[in-house]
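Q: Before I ask anything, here is the structure I am working with.
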Amino acid sequence: MFKTMFAATVTLILLANTGQAGDYDLVMKSAIIKDSKANGKGWDAFGNAPDPFVTAGIKQGKGFSKTGSTEVDSDTFRPDWNKTVLTVDEGDDIVIQVWDKDVSFDDPIGEYKFTITKKMIEDGETRVSFEQVKELRFVLRVAK
């Protein structure tokens, strides 16, 4: 019985360490935001930098099965969140939205849609550019 329990424990540890257990943390690391909105106007009153934050969701049908977000990083074109927003699996369809937090309503900065691939998991870090986002860095790592 001890051998069976030991073998099962070793197998679970190996699966967890190789990522084959199936769950990965989606960690929003940082971004570089363009100097202005798509219409050329500034992000905030008086020309202040945006107050960026990210929302992310796993797409399921017309809605989302899970969602998460970062905190707002105030008055910066280079937010640095380093925050786990979701736990995902290979094959999940993800929607990431970057927003500028404002008093009356939040302004969209950009939206990026993708599917979690094996290559993304193996690479670990991904950098993408879209709409008013010069660069968004995120990491996929084995969930804790």
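Since every read-out is calculated from the coordinates, none of them should be taken as a lab result. Small disclaimer: the values here were computed from a predicted structure and weren't measured. Glycine also receives a Cβ, built like all others from the backbone with ideal geometry; neighbour counts cover every protein chain displayed.
Q: In percent, how large is the relative contact order of region 23-142, given Cα pairs closer than 8 Å and 6 or more residues apart?
A: Relative contact order of region 23-142: 34 percent.
Q: Along Cα→Cβ, 7 Å out, is where each label goes; now give me the distance between the ones at Glu122 and Lys41 in nm to one decimal.
A: In this crude label model, Glu122 to Lys41 measures out at 4.6 nm.
Q: Is there a quick way to get the dipole size of region 23-142? I mean about its Cα centre, with the Cβ of Lys and Arg at +1 and of Asp and Glu at -1; what is the value in debye to the nearest 20? Before the final figure, lay out the partial values.
A: Values: 17 positive and 23 negative charges, 55 e Å.
Charge dipole, region 23-142, about its Cα centre: 260 debye, nearest 20.
Q: With the crude spin-label approximation of a point 7 Å out along Cα→Cβ, what separation in nm comes out for Lys113 versus Lys144?
A: If labels sit at Lys113 and Lys144, their model points lie 3.3 nm apart.
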